[in-house]
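Quick notes on the structure that follows.
The values are calculated or read from the model by the stated rules, or taken from the named source; none is laboratory data. This is a predicted model, so every value here is computed, not measured. For neighbour counting, all protein chains shown are included, and Cβ atoms are generated from backbone atoms with ideal geometry for every residue, glycine included. Protein only, heavy atoms only, side chains kept; ligands, DNA and RNA dropped before computing areas. Shrake-Rupley method; radii C 1.70, N 1.55, O 1.52, S 1.80 Å.
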Amino acid sequence: MKYDFKAIEKKWQDIWDEKKIFAASNDYSKPKFYPLVEFPYPSAQGLHVGHPRPYTAMDIVARKRRMQGYNVLLPMGWDAFGLPTENYAIKMGIHPAVVTRENIEKFRAQIKALGLNFDWGREVDTTDPAYYKWTQWIFLQLFKKGLAYKKEMAVNWCTSCKVVLANEEVVGGVCERCSGEVVRKVKSQWMLGITQYAQRLIDDLDGVDYVERVKTQQINWIGRSEGANADFGTTEGDVITVFTTRPDTLFGATYMVLAPEHPLLEKWAGKLTNAAEIKAYQDAAARKSDFERTEVAKDKTGVCLDGVTAINPVTEKEIPIYISDYVLASYGTGAIMAVPGHDSRDWEFARKFGLPIIEVVSGGDIEKEAFVDIETGTMVNSGFLDGLSVAEAKKQISAWLEDNDKGKSTVSYKLRDWVFSRQRYWGEPIPIIHCEKCGFVPLDESELPLMLPEVQSYQTTDDGQSPLSALTDWVNVPCPVCGAPAKRETDTMPQWAGSSWYFLRYCDPDNSDEIASKEALEYWMPVDWYNGGMEHTTLHLLYSRFWHKFLFDIGVVSTKEPYSRRTSHGMILGEDGVKMSKSRGNVVNPDEVVRQYGADTLRLYEMFIGDFEKAATWSGASIRGCERFLARVWGLADIVSGAGGLSPGLEGKFHKTIKKVTEDIESLKFNTAIAALMTLINDIYEKKSITKGELRIFLLLLCPFTPHIAEEIWERMGPGGMAALQSWPGFDEEKCKDDTVEIALQISGKIRARIDVPTDADREAVIALAKSAPEIAGAIDGKNIVKEIFVPGKLVNIVVS
RNA sequence: GCCGCAGUGGCGGAAUUGGCAGACGCCCAGGACUUAAAAUCCUGUGAUGGCAACAUCGUACCGGUUCGAUCCCGGUUUGCGGCACCA
């Protein structure tokens, strides 16, 4: 009988669909398991082979857990607002909603063709008004709690297209589309106060099971640092507050540096005799991104303020003030005290501008480089701090600053508030009305969803406003409070909005009265296992944790954290070893692989390709190994003999394989689980027969990985029911052990021989056996034995001198 | 530049609380089957030397700790992800 994967896969996909085999049950008495994959952005290109990797992985986990008796919710949806669809719409003149609908259809069909067991009854779409009603609702709650506010922020502005650009659309400082000049334009933007949750976002990582690199990256991104604010006087009487992590070096502060955007510069405009030079520098800085500005490799630049100087609060000496683009307005207070002796950026800057470098911590050579060690140095040239350690000096100077009312200890975070406005069409409208008299007025909740209106053009207006601002009928409304003429907010939300809470909606996707019912949230949340790409660690993952914490605070959800466990998959690279992209022409389309080899082979290959957590290179040739394996699986039906259970020759191997597959699935080691199944099938073929009982177990182990072929053979061999709904096979720990084990015999760390010893033999017995082995006996004869090392089941090492 | 991760045969990868490096698969070579080819099956396959048993070397590079290092420490280097309006 030929293995006709096309017919088999179609047959089972139809059965799963029609019978809704994988729909989560609303029986809240059963133990639940809620695994989650990141819902895709439905792009026009369709799926590429990178998508199925995490999907198949969680599908395998879900199928296995279902067989272990859990009520499983494995949902899928669409993160469908966003820039590429909007740009496509502008180019083709098609409504983004139409494009989105088509793309979703395509994605859904492709995903179904892979035999993934998503619960299609719970699909969500962030662009559906029934969904974004609740995205808007959450925004209103944030606004009411003061966590959404407006602030002047810079946006990228293409001077030629006259359009606001995303950072991604700015390539090398020019517009990606027209190569026109890009400048930073200041605009009033909605912001979300994620920084107020900074400490909790760090602290609560202790209570969740995230892979270490994700935790570390989030902690570093939030970037907590302890230090002090210090107030420097100026000859103008104004105070410049700086944040420093090294208040101990205050005596060594020989100049100050302000960010080019610092507000005091405008105030002092009249006093500065080199105003033109300053203006030119500010303009140049405005064209650079923060990323370009902080690159240390480049030469330090800056301008000294002529006409205003600062006063070091502890030495009371006058020191010059510079502006330089290596100081960012967005971090700390936008101003620093420069201590060139003990900060390498300040050191470079001081060298270039011929500024004095004073040593205040001894231990290095400040003629050669800044001395930044905080463990070993001793304070010098620092008045009352002299002779102290850095740590002690920090304490004393902080106390001095507070006592003299010149600053205080403080904590600063690198995390910045979230810029939440987009001057774009294809996003959720922000449900706020601006009234001259009443300020920003939230739309009444009864008016949600605030529908995204139809427009003529999806392009940003000539003055950088959202396309919605052209709709005067829509924009001009009476103020809900005082009735005076007022205007709607015309910016839309970023794509991150809809994806910050979608996992809640899956719990109860059709609810029109709430985000989801209390009972559904109580039962399903938190997500038990969320797998996604490392590239989402610092934005989506952090944003959604922030929203969830906010929803916890206002009593909508009852868990502090949305996800119990977070794992991360590696990317699938093209055959040339680099990221797949249309421009490189190395994209592999899963449809073609499915057509040629079948979904089961694709699934198996994607899981076998390598370490799930690392990037892997696609290989058209290697798929053949998985194809051969499935052909051998299909062939098992031909060598069935005997109905019974495990045969003597294979019993131990079956127990070991069950154990290996059971454990490896939970620890994301799909590749070695498959290798174990391959080893087992090799053993079966060597024996040339398999009992019905053995085949049954083999199929159950295989079922999560390659469900179609497993179901088909299961059905043909006739035990009845579906493989996917059987119980997961168990194993006996005792039967996983062999009677004897091969150990290595070493002399002073060099392997000299290998022998078999009883698995349960003790140290003395094994060492005696080792010494009697001819290679060892000869080597230790007449030598002085210094040490005997025994590692059970591994080796004996006899150290001689 | 900053933060995070990684570097193992011709290739994808396995093995780490420090204990036999290279499981499993691909490619390749030889053999079986076939008129022949494909498919399939069997055998071999890190490098060097040797008829062989075997020996020596070998986990990016340099150094350290240890009876023993792919694993721990210090340094270097290369590649990948992120850097806040791509998703």
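General remarks:
- Chain A - percent of accessible surface contributed by carbon and sulfur, probe 1.4 Å: 51 percent
- Proximity of backbone amide H atoms, modeled 1.01 Å from N, is registered between A:V361 and A:V380 at under 5 Å, excluding neighbours fewer than 5 places apart on the same chain.
- Computed on the Cα atoms alone, the convex hull of the range A:607-738 gives a volume of 115 cubic angstrom per residue.
- Net charge in the neighbourhood of A:T126 (other residues with Cβ under 12 Å of its Cβ; Lys, Arg +1, Asp, Glu -1) is -3.
- Sorted largest first, the spans of the alpha carbon positions of the range A:188-345 along the three principal axes are 58, 36, 32 Å.
- With Cα atoms, 0 to 90° folded angle of helix A:129-144 axis to chain A main axis: 50 degrees
- Of the trypsin sites (Lys or Arg not before Pro) found in the range A:418-490, those that fall in a DSSP loop while having at most 11 other beta-carbon atoms within 10 Å are A:K437.
- Three-way shape label, the range A:1-93, alpha-carbon gyration tensor, a/c 1.5: oblate
- Alpha-carbon spread of the range A:417-530, three principal axes, descending order, Å: 47, 32, 29
- Within chain A, DSSP assigns beta bridges of which about 75% are antiparallel (rounded to the nearest 5).
- With 0.36 nm allotted per residue and the present C-alpha distance subtracted, the A:E535-A:E666 stretch has 44.9 nm of extension available.
- Amide H within-cut-off set for A:D343, under 5 Å, with H built and near neighbours excluded: A:F371
- Straight-distance candidates among the aspartates and glutamates for linking to A:K771, with alpha-carbon spacing under 14 Å and chain neighbours fewer than 8 residues away dropped: A:D756, A:D781, A:E788.
- Computed from the C-beta positions of A:R224 and A:S581 and an R0 of 51 Å, the FRET efficiency is 0.90 to the nearest 0.05.
- Percentage, to the nearest whole number, of Cα pairs in chain A over 36 Å apart: 60 percent
- Length released on extending from A:R754 to A:K794, taking residue separation times 0.36 nm less the Cα-Cα span: 13.4 nm
- Long-range HN-HN contacts of A:Q189 with modeled amide H, under 5 Å: A:K151, A:E152, A:M153
- Trypsin sites (Lys or Arg not before Pro) restricted to DSSP loop in the range A:13-59 with at most 11 other C-beta within 10 Å: A:K20
- Note on A:K688 and A:A130: their simple-model spin labels are 6.2 nm apart, each label 7 Å out from Cα toward Cβ.
- A 1.4 Å probe run over the protein chains yields, for the range A:407-472, 46 Å² of accessible area per residue, whole-number rounding.
- Here the 3J(HN,Hα) profile of the range A:594-609, calculated from phi with Karplus coefficients 6.51, -1.76 and 1.60 at θ = phi - 60°, is 5, 5, 7, 10, x, 5, 4, 5, 4, 4, 4, 5, 4, 7, 8, 4 Hz, Gly and Pro shown as x.
- Span per principal axis, largest first, for the Cα atoms of the range A:581-662 (Å): 57, 28, 16
- For chain A, the longest principal axis of the alpha carbon atoms and the long axis of helix A:651-666 meet at an angle near 20°.
- Dividing the summed helix terms, -39500 (n - 2.57) for each DSSP H run of n ≥ 4, by the number of residues in chain A produces a 222 nm estimate of -10000 deg cm²/dmol to the nearest 500.
- Alpha carbon centroid spacing (whole Å) that separates the range A:221-267 from the range A:598-627: 55 Å
- Over 27 Å (Cα to Cα) - which of A:K215/A:K395; A:K64/A:K133; A:K692/A:K737; A:K300/A:K395; A:K669/A:K794; A:K737/A:K783 fall in this group: A:K215/A:K395; A:K64/A:K133; A:K300/A:K395; A:K737/A:K783
- With both labels modelled 7 Å from their Cα along Cα-to-Cβ, the A:D463 to A:S558 distance reads 5.2 nm.
- Full extension of the chain segment joining A:A675 with A:K352 gains 110.3 nm, where the gain is 0.36 nm per residue of separation less the Cα-Cα distance.
- Taking Lys and Arg as +1 and Asp and Glu as -1, the other residues whose beta-carbon sits under 12 Å from that of A:D231 total -1.
- With K and R counted +1 and D and E -1, the other residues having a Cβ less than 15 Å from that of A:A7 yield a net charge of -1.
- Centroid-to-centroid separation of the range A:523-583 and the range A:108-160 [C-alpha atoms, Å]: 14 Å
- DSSP-loop GluC sites (Glu not before Pro) across the range A:272-379, with at most 15 other Cβ within 10 angstrom: A:E295, A:E316, A:E367, A:E369, A:E375
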